[in-house]
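Undergrad: Got a structure here, written out as structure tokens. Questions coming.
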Amino acid sequence: MQARVIGFLFLIALLPFTFGPSCAGDDVPLIAVELNPLCVQDYSPGQQQQFNACIFINGVKQPGFENSSVTWSILDGDVNGSITQGGLYTAPNTTPPPAPQITIIATSKEDSQKQGQATVIFTGEGTCETTQTAECL
């Protein structure tokens, strides 16, 4: 009987090692990317705009991890202009532009599933309807 009790206690002692730590994702940082400005309007061909990426981890802005922590791109590619890896966008030199609105994308280098987007609207093609959070100004 004493051997059964000792064996049972030994198994209970091993339970934390058998199942290991929780994989619920509590320790995984939540990354978010937001762009500033979110939208610019009345753009002309060849005009430039500096975009900046704000990186948030678990809802807290991370100073010093802005533009260098993302990869910049333009939806539908170079026909819609160009963007440097520092976030400087140059509109295409075509009139009319290839699209009335262009989407700028910043993708986190840490988690490629996390992106921020901004909109460039050419002159006469609409107005911005987005709001900027105070943290990313």
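Values quoted throughout were computed directly from the atomic coordinates according to the rules given, and no laboratory measurement underlies them. The model shown is predicted, which means the values in this text are computed figures rather than measured ones. Counting neighbours? That spans all protein chains shown, and the Cβs are built from the backbone with ideal geometry, glycine included.
Undergrad: If you plug each phi of region 77-93 into the Karplus form 6.51 cos²θ - 1.76 cosθ + 1.60 with θ = phi - 60°, what whole-Hz ³J(HN,Hα) values come out, in order, with x for Gly and Pro?
TA: Each residue's phi maps through the Karplus curve to give x, 5, 4, 9, x, 9, 9, 7, 6, x, x, 8, 8, 10, 5, x, 8 Hz.
Undergrad: I want to make sure I understand the PRE zone here: with the label point 7 angstrom from the Cα of residue 75 toward its beta carbon, which residues in region 88-118 have backbone N atoms less than 15 Å away?
TA: 98-107, 115-118
Undergrad: Oh, and also: Between residue 62 and residue 109, what is the label-to-label distance in nm when each label sits 7 Å out along the Cα-to-Cβ direction?
TA: Placing both labels 7 Å beyond Cα along the Cβ direction yields 1.1 nm.
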